[in-house]
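The values are calculated or read from the model by the stated rules, or taken from the named source; none is laboratory data. This is a predicted model, so every value here is computed, not measured. All Cβ positions, even for glycine, are placed from backbone atoms using ideal geometry, and neighbour counts span all protein chains on display. To get the accessible areas, we keep the full protein, side chains included, count just its heavy atoms, and leave off ligands, DNA and RNA. Shrake-Rupley method; radii C 1.70, N 1.55, O 1.52, S 1.80 Å.
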Amino acid sequence: MTPLNPYADLASLADPEPDLEPEPEPYHRPLRRTYLNERDDSDDPLGLGLRADDEDEEWTRPNHRRRKRGISRFAAVPITIKLLVAALVCTAFLTLFDRFAVLYAQNKAAEKLKESLHLNATPDVDIKGFPFLTQVLDKHLDQVDVTIPDVAADRVSLARFSASANDIRIDGDLPSSIKGATIGSMHGNVLLAFDDMNRELGASQVKFSQLGPNAVRAVGELPIAGHPLRVQAEAHIRRAGDRGVSTDISQMRLDIADIAVYRPGTGKEEGLRLTRKTAAELSRQAAKVKAMLSIPAIAHRIGIPQQYIDAALHDEQKLHDLTGSPRFIEQLMKVNLVDVVMDHPWLLQKVGIDPKIFGTLSGLTKPQLADRLSLSFRLPKTPGDVRLRTITVKQDGIHVEVTGANLPFGDAAKKK
């Protein structure tokens, strides 16, 4: 006998479970190969190209999320980067506008300087500092560099005047209307170029060069009585007052071919003297030596006792012994012929000098000759306190340091 299951009785007492309906299988439309514009006659019996309502495509919810992300990537950029890009763009535009304003103001300032100083050339003005627009609003410029080419200064032109001006107070509205300005302080440099001096000075064939830190050497030719005489001189540069530069000409000599040397002046080493070559040739030419020794002034200046000279004039051997010694040549070179040829002009022809040369030289005083080689100049008058400081000679010319204070220009100068 099969034992009874106690759970079977309990299971029979429970409510019966409801029957679960089977899920309908999804409808799959039969697939068949169709062609373009081909329709099923059963779907369109009249052949009008109509479709049944149940053939419409099933509506699906649009995916806005995907479309929004594809439209613009800029929306995903952080706000900090956007602000940074905007700031950079604005800064670029402001910088560009600031630079255009600087260029306009520089041109206006250059025109005012040219008008105020009566310059031939337009100066170059460079306004320092950034931003410029803040200086415009304040009507105050921190620094302006100015370069003026070709400034007239008496006999010569200054090759370049460059200066740095500080603490400039503007009179007028920047950048459109500049009426004037007042420079608080200025420091600059003036160049007097050797090339300009060689071209502009009267002695166009004389070349100037550096001799030392404060001296200039002049070497060249001067036309005297139709003859080009070689000239040499030294010019020592010094300051003349607060606005001028002067030159002291020394060691000036004019070589008359290789016959004689003329040094203008009345000093012990100045006058007209024979060269060693000429003195040596005269000592070997008895007729010319006798002609010179027969002049008492020359005999006296040679320093040889008169009895020896008288004996030499009458004895050829004694003359040869006298003129053949090196001491005679040295003594003859030291004789100043200026006074002698005044009374004995034929002596010049004896030694081979054109009398017209000496006539011109004797009428040409030392100051007149020095003036031909003078490098002196003065700065043009300008309002305010402008002063020359140190003067230095360099390889390209004479450099002069210039300082100034409270320099008005334009309307500011007219008010003062």
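Which of the three applies to the stretch 259-313, rounded, prolate or oblate, going by the alpha-carbon gyration tensor with a ≥ b ≥ c and a/c under 1.5 meaning rounded? Don't skip to the answer; put the middle values down first.
Details: a/c = 2.85, a/b = 1.46, b/c = 1.96.
It comes out oblate by the Cα gyration axes.
Could you work out what % of the accessible surface of the stretch 351-399 is carbon and sulfur, using a 1.4 angstrom probe and leaving DNA, RNA and ligands out of the count? Write down the numbers at each step before the final one.
On the way: 1250 of 2470 Å².
Ligands and nucleic acids excluded, carbon and sulfur reach 51 percent.
Largest first, how would THR80, THR360, THR275, THR390 line up by accessible area (1.4 Å probe)?
Numbers: THR80 100, THR360 55, THR275 25, THR390 80 Å².
So the residues, ranked largest to smallest area, are THR80, THR390, THR360, THR275.
How do PHE377, PHE130 rank by accessible surface area computed with a 1.4 Å probe, from largest to smallest? Please list the in-between numbers first.
Values: PHE377 5, PHE130 130 Å².
So the residues, ranked largest to smallest area, are PHE130, PHE377.
Specify which residue in the list GLN317, MET292, GLY267 is farthest towards the positive end of the charge dipole of the stretch 250-399, using unit charges on the beta carbon of Lys, Arg (+1) and Asp, Glu (-1), about the Cα centre.
GLY267
Quick one: ranking LYS207, LYS128 by accessible area, 1.4 Å probe, largest first, what do you get?
Numbers: LYS207 110, LYS128 75 Å².
The ordering from most to least exposed comes out as LYS207, LYS128.
Per 5 Å bin, what percent of the C-alpha pairs of the stretch 272-416 does each bin hold, from zero upward?
With a bin width of 5 Å, the distribution comes to 2, 7, 14, 13, 11, 7, 6, 6, 5, 6, 5, 5, 4, 4, 3, 2, 1, 0.
Past the 26 Å Cα-Cα mark, which pairs from LYS207/LYS334; LYS108/LYS394; LYS290/LYS334; LYS277/LYS356; LYS128/LYS394; LYS288/LYS318?
Details: LYS207/LYS334 29 Å; LYS108/LYS394 34 Å; LYS290/LYS334 18 Å; LYS277/LYS356 22 Å; LYS128/LYS394 29 Å; LYS288/LYS318 16 Å.
Flagged as over cut-off: LYS207/LYS334; LYS108/LYS394; LYS128/LYS394.
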